[in-house]
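Note sheet for the following structure.
We did not get these values from a lab; they are worked out from the coordinates using the rules stated. All of these numbers come straight from a predicted model, not from anything done at the bench. Don't worry about glycine lacking a Cβ; one is built from the backbone with ideal geometry, like all the others, and counts go over all protein chains shown.
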Amino acid sequence: MRLESPPDQEQLLRSARAGKLECLGQLLQLYGNYLKLLAATQIDEKLLARSSPSDVVQETFLEAHRDFGQFRGQSVPEFLAWLRRILVNNLSRLVEKHVLAEKRDVRRETSLGGIGGALERSAARLESVLVDQAASPSSNAQRREYAIILANQLAELSQDYRDVLVLRHLEGLPFGEVAERMGRSPGAVRMLWLRAIGQLRERLDARGLT
């Protein structure tokens, strides 16, 4: 698999650690669509009335800027893991606010660890969308780059195409449950999924990514 040449993330991180905050801003923007996709897997319809994935990611970026001095990692994987932890904390707070607003039993809600585990599973699934064993990226760095590029391509699809791919691949739901979540018949969802996969594959093929 040939990957597009992304900006040098490690260099941006080194520059940010050296005090060049504009480089931190550039680095964060690279991960915008990636983090929005992960956030979307944890925000259900009831929570969407209170906050969108974009809202949660924007809050995550603001906190990352504010607390960057506390980041002790040296590498991009460590930085991404740090961003995901901030994202999980923000998602957890969103759930807690919803619980309080609805006067529901907090003990029945998803725990912080549960949200974190689900989000990490979605991140791992994102790295394998449309990638078979023979063509899979050979290194952790390539898989990370692929996931970010894939998130950017998914962001350019129509809402229905993006939703069916997120539900099916990132959340790992069976077609019956995807159909229920989208308010469509299982047959209609399968056809939508096939068209979405086809369009995504075309976009990746054009960039030499499949």
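I'd like the GluC sites (Glu not before Pro) in segment 30-63 restricted to DSSP loop residues with at most 11 other Cβ atoms within 10 Å, sorted by number.
none
Give the cross-link partners of residue 97 among the lysines, using a straight C-alpha distance below 21 Å as the criterion and excluding same-chain residues fewer than 8 apart.
36, 46
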